[in-house]
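Notes for the one structure printed next.
FYI, it's all coordinate maths here, none of it is from the lab. Since the model is a prediction, treat every value here as computed from it, not as a measurement. Cβ atoms come from the backbone with ideal geometry, glycine included; neighbour counts cover every protein chain shown.
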Amino acid sequence: MSAAISLIVVGLLLRQFDRFRHLRKPTTLTAAEAMSLQRSRATVWAPTLLLAGEWIQIVGWWLLAGTRPVLAVVAAVAVGVHFRHLQEISHFAVHGVLARGRRANTVLAEVFVHLPMALGPVGERRTRHVRDHHPNATVSGVDPNLAELRAAGLVHGATKGAVTRAAFHPLTVRGWWGTVSGIGRALTRSEGLAAVVVLVAAYAAGGWIGLVAGVIVPRLWLYPQLAWLSLLGEHTWFDPQRRTGSRVEIEAGRCLRLYPEGALMSAVAAVTWLPYGDLHHYAHSAHPAVRWNYLPAVERGLVPPHCTPATLLMGSDSLLARHRRALTQVEDVPAASISGHPASSREP
């Protein structure tokens with residue numbers, strides 16, 4: 001057990017090098033100031049240590065999982081959170097702001113995240129996310145993320161029960177099969193060897209319990225659910241305010257800010273399911289080239305988004321309740337009426 005705890009601590013400490021590299025900054029920044037500051041501090045070694053630290057902690061949890069059943073449960077949750085962290089770190093690599101240089105961003109995302117987690121090619125994700133989603137967020141027939149939500153049952157006229165079930169889509173049989181199918185497609189390409197290495201390493205560290213609790217359960221259920229909750233909380237998908245003007249004004253009409261006054265929930269979300277700046281998705285949507293370290297400072301200079309729910313799932317004022325009302329009361333706006341071109345059927 002001491003070796004497991006040591007690895008978890010060492011990994012945590014290694015992750016701080018990247019944080020300290022970008023630590024000193026004014027309380028409020030413009031996007032231009034933030035980008036200038038992050039360029040001056042950009043490195044390859046700091047994000048490499050950050051990603052390595054995540055995996056060292058995961059190995060520590062694999063070791064811990066093999067010691068006793070109750071710790072296996074804790075390890076499964078912890079590894080699910082680490083997988084979510086890795087996804088979000090690689091998201092900034094896709095935007096080209098994780099490390100210095102485009103190639104370094106791609107290599108780090110592939111080696112530390114996409115290959116071992118069987119997420120598919122980074123280039124495909126970049127096209128889908130940067131080109132297809134960001135300019136077209138919430139636009140019917142164009143935004144691939146909106147198409148993914150609809151495929152899960154979040155469509156106009158859905159019942160309250162259907163919307164609630166859709167909030168936990170990755171835990172359903174249909175959602176689980178979608179996860180498995182995605183992994184299967186990735187494994188037929190170049191991710192197979194890296195995925196096998198992860199499975200063998202988990203077994204070597206924690207035996208069958210380490211393999212199941214440290215890889216299979218987190219990868220097939222826990223991480224997908226955390227990522228899905230993040231997707232639900234990115235935009236007011238089904239009742240955006242269609243605005244014109246600057247990018248900030250447009251994004252303020254289709255983005256939201258969870259837990260605007262909830263310091264405790266913000267802190268919990270920031271270290272679990274909304275890590276590395278995902279809590280500040282509105283600021284990210286308005287300024288995608290800003291690294292997560294500077295998003296809080298940039299957000300302070302922006303007008304508030306049109307939606308600021310205090311909770312995600314529970315209560316009449318939660319974001320999920322808003323999604324339910326929107327799907328019951330509001331017809332989707334056709335893409336053609338917004339973007340000036342016919343709606344397409346582009347799949348996620």
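One decimal place: the segment Arg174-His129 gains 13.9 nm when fully extended, by the rule 0.36 nm per residue minus the C-alpha distance. Among Leu51, Leu302, Leu63, which one moves the most in a GNM of the chain with springs linking Cα atoms closer than 10 Å? Looking only at Leu51, Leu302, Leu63, the biggest GNM fluctuation is shown by Leu302.
The ranking of Arg150, Arg254, Arg300 from fewest to most other beta carbons within 10 Å of each one's beta carbon is Arg300, Arg150, Arg254.
Helix 45-65 and the longest principal axis of the Cα set of the chain meet at an angle near 70°. Our coupling estimate for region 261-271, obtained by passing each phi through the Karplus curve with A = 6.51, B = -1.76, C = 1.60 and θ = phi - 60°, is 10, x, 4, 5, 5, 4, 5, 5, 4, 5, 9 Hz, Gly and Pro reported as x. The ranking of Trp61, Trp208, Trp176 by Cβ neighbour count inside 10 Å, starting from the fewest, reads Trp208, Trp176, Trp61.
Net charge of the neighbourhood of Arg126, taken over other residues with C-beta under 14 Å away and scored Lys/Arg +1, Asp/Glu -1, is +2. The residues Glu33, Glu249, Glu124, when put in order of fewest to most other Cβ atoms within 10 Å, stand as Glu124, Glu249, Glu33.
Within the shell of other residues whose beta carbon sits under 15 angstrom from the beta carbon of Asp317, the net charge comes to +2, with Lys and Arg scored +1 and Asp and Glu -1.
Between Ala151 and Thr244, the simple spin-label model (points 7 angstrom out along Cα→Cβ) gives 3.4 nm. Helical content alone sets the calculated 222 nm signal of the chain at -17000 deg cm²/dmol, taking -39,500 (n - 2.57) per DSSP H segment of four or more residues and averaging over every residue. Sequence-distant contacts, meaning Cα pairs under 8 Å at least 6 residues apart, place the relative contact order of region 219-280 at 29 percent. Put +1 on the Cβ of each Lys and Arg and -1 on the Cβ of each Asp and Glu in the chain; which of Leu187, Thr311, Leu327 then has its Cα farthest toward the positive end of the dipole? In the chain, that residue is Leu187. The packing ranking, built from the mean of other Cβ atoms within 10 Å per residue, places the peptides 4-11, 262-269 in the order 4-11, 262-269, highest first. When the chain is treated as a Gaussian network with alpha carbon springs shorter than 10 Å, the biggest mean-square fluctuation among Thr164, Thr138, Thr188 belongs to Thr188. Computed over the chain, the Cα gyration tensor eigenvalues convert (square root of 5λ each) into semi-axes of 32, 25, 19 Å, ordered from largest to smallest. Given contacts defined as C-alpha pairs under 8 Å and at least six residues apart, what's the relative contact order of region 142-262, whole-number percent? Relative contact order of region 142-262: 21 percent.
Annotation for region 169-231: trypsin sites (Lys or Arg not before Pro) lying in DSSP loop with at most 15 further Cβ atoms inside 10 Å of their Cβ are Arg189. Helix 31-41 and the longest principal axis of the Cα set of the chain meet at an angle near 20°. Under 5 Å from the amide H of Thr43 lie the amide H atoms of Arg100, each residue being 5 or more positions distant or on a separate chain, with H modelled from the backbone and absent for Pro and chain starts.
Over region 172-246, the hull volume per residue, using the convex hull of the C-alpha atoms, is 152 Å³.
Between the helical axis of 192-211 and the longest alpha-carbon principal axis of the chain there is an angle of about 60 degrees.
Extending 7 Å from Cα along the Cβ direction at Val303 and again at Ser36 yields two label points whose distance is 2.5 nm. Contact order for the chain, expressed relative to its length and based on alpha carbon pairs under 8 Å spaced 6+ residues apart, stands at 23 percent. Taking Pro170, Pro47, Pro135 in turn, the Gaussian network model of the chain (Cα-Cα springs below 10 Å) assigns the largest fluctuation to Pro135.
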